[in-house]
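Shown next, in structure tokens, is the structure this report addresses.
The values are calculated or read from the model by the stated rules, or taken from the named source; none is laboratory data. Everything numeric here is computed off the predicted structure, so don't read it as measured data. Here Cβ is always computed from backbone atoms with ideal geometry, including for glycine, and neighbour counts include all displayed protein chains. Note: areas computed on protein heavy atoms with side chains; ligands, DNA, RNA excluded. Shrake-Rupley method; radii C 1.70, N 1.55, O 1.52, S 1.80 Å.
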Amino acid sequence: REVPLLHPIPPPTPLFSADLHMEMQRSLLEDSPMVAVRRNQQRSCGLIAALCAVACGVGLVGAAVGLTPSADGLLGASSSRITLQQTKQPMMTMRSFLQQTGYNPLQAMRSPLLEQQRSSSILTPNAVAPELLEAPTKTDFSEPRFMWQSLREAIDEEMERDPNVMIMGEDVGHYGGSYKVTTDLYKKFGEMRILDTPICENGFTGMAVGAAMTGLRPIVEGMNMGFLLLAFNQISNNCGMLHYTSGGQYKVPVVIRGPGGVGRQLGAEHSQRLESYFQSIPGVQLVAVSTPRNAKALLKAAIRSDNPVVFFEHVLLYNLKDQVGGPDEVQSLEKAEMVKEGKDITILTYGRMRYTVMEAVKTLQAKGYDPEVIDLISLKPFDLHTIKNSIAKTNKAIIVEECMLTGGIGASLSAEIHERFFDLLDHNVIRLSSQDVPTAFALELEAATIVQPEQVVDAVEKVMTSCQ
């Protein structure tokens, strides 16, 4: 039955062709260096863009014009339209292109076949880094590092240690990442292991899941954690469940990392705290780093883990500077960190709030209180052993977080403490969380939505007074 169309559909343009690609190659040799760099990035993304279009393009076009799929899955109903659509199928176009060129994307991403990449006519000459002309200088680990440098160091060391490790995301290559975590790594490892992607979070996160299933260890960088909401399906239905739904036949060793949290006047959409969003996903681990040292050691552990790990880095901590460990220092993903020992009250926190709490501790100590401060590190699962030992000593607990009050990390942790350690408590657990409102752009209003040191001091004093 012919389906009436409200608007005529122009014939689609082929996604890719060998002639077009060769023309781009010739133009690259004639253009200026800056244009050459940009073309280089476009070519690295070309295959991925086409594959992403396969995933969502056909369905979106059909929804836009009100078409219903026919029995064989093609748009339209008439035989002439089906024949036309078959000749323009994106998958068929891509398959034809790959067959003509003899190019295998999966093989190109695997390090054991780097020599094949060098000889491939469709790859750029700089897709694989040239051999080092001189021995690398020995790293001095006694020198303090910014957190972004410690994260870069962890990725560098793990990629050198394991040829299956790679990183993909928007602008991770030539630009070096939105916070410079991957600066110049493409020069050392090449553009197939430091893979620039289109702005399509669901596409490249899904590609990372598939790569992990076939033996690679991809790191996905989200330019901002808020953008990864676009990939929530891939993180929840794929990352978290494939090991279980395949009966253990597949594992998904992927790390999903990037900046998040409330910065300085970044506005509501760029100030998201997504910890509680991902906490409810079975099969996914959550880690929140807070210092240059634990950032490096934890990222190395996350890359080596066979579990999918969502790795939270706070946007305001990238320029925090401190000493880091050497290449052999790896920290447990499931263990909390004792920041300060004390005997009066337990303060549980993570991420940026670690520094808010420590600012409050100075005032509390001046007033004669001795709080114990624990950095949770692992947001799923919680280190209940460390938490129990602390509460058994202090009999009181306060949770300080930047996550939202309703349904946040503190809500889950408070429930765990009350259900498991109720008999150890002299006072109910107090939660200090962000307000349930979008984060304002105005500096004063932004500060009013998140926990401040004065609020921590006030909460501790109230609990201590009521327990006297």
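A quick yes/no check of all residues on (1) outside any loop (DSSP other than H, G, I, E, B); (2) within 24 Å of Gly206 (Cβ to Cβ):
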{"site": "Glu157", "(1), (2)": "yes, no"}
{"site": "Ile167", "(1), (2)": "yes, yes"}
{"site": "Val172", "(1), (2)": "no, yes"}
{"site": "Tyr175", "(1), (2)": "no, yes"}
{"site": "Val181", "(1), (2)": "no, yes"}
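Candidates Phe204, Phe227: the one that is part of a helix (DSSP H, G or I) and open to solvent by 20 Å² or more (accessible area, probe 1.4 Å) is Phe227. Checking each residue in the range 340-376 for being assigned to a loop (DSSP other than H, G, I, E, B) and in contact (Cβ under 8 Å) with a residue 60 or more places away in the chain picks out Asp344, Tyr350, Gly351, Arg352, Lys367, Tyr369, Leu376.
Kindly indicate whether Ala392 is within 23 Å of Ser276 (Cβ to Cβ) and of a type in the set (Gly, Ala, Ser). Answer is no for this residue. For Gly190, the stated conditions do not hold, so it cannot be described as open to solvent by less than 10 Å² (accessible area, probe 1.4 Å) and touching a strand residue (DSSP E or B) at 6+ places or on another chain (Cβ under 9 Å).
Every residue, every condition in (1) open to solvent by 40 Å² or more (accessible area, probe 1.4 Å); (2) closer than 18 Å to Tyr350 by Cβ, yes or no:
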position	(1), (2)
Lys388	yes, yes
Thr394	no, no
Ile399	no, yes
Glu402	no, yes
Ile409	no, yes
Glu416	yes, yes
Glu419	yes, no
Leu424	yes, no
Leu432	no, yes
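As a summary of the residue check, Ala397 satisfies the conditions (1) aliphatic (A, V, I, L, M); (2) without any contact (Cβ under 8 Å) to a residue 60 or more places away in the chain; (3) closer than 23 Å to Ser332 by Cα; (4) touching a strand residue (DSSP E or B) at 6+ places or on another chain (Cβ under 7 Å) except for the one numbered (3). Of all residues in the range 355-367, those being within 26 Å of Met147 (Cβ to Cβ) and open to solvent by less than 30 Å² (accessible area, probe 1.4 Å) number 4.
Applying the selection to the range 440-454, what residues are touching a residue at least 24 places away in the same chain (Cβ under 8 Å) and part of a helix (DSSP H, G or I)? Steps first, answer last, please.
Of the range 440-454, the ones touching a residue at least 24 places away in the same chain (Cβ under 8 Å) are 440-443, 446, 449-454.
Once the filter is applied, which keeps residues that are touching a residue at least 24 places away in the same chain (Cβ under 8 Å) and part of a helix (DSSP H, G or I), the range 440-454 yields Leu443, Glu446, Thr449, Pro453, Glu454.
Count of the range 325-339 residues, restricted to those that are open to solvent by less than 50 Å² (accessible area, probe 1.4 Å) and in a strand (DSSP E or B), is 2. The residues on offer are Arg257, Arg293, Arg304, and the sole one that is surrounded by 22 or more Cβ atoms within 10 Å (Cβ to Cβ), over 20 Å from Val400 (Cα atoms) and basic (Lys, Arg) is Arg257.
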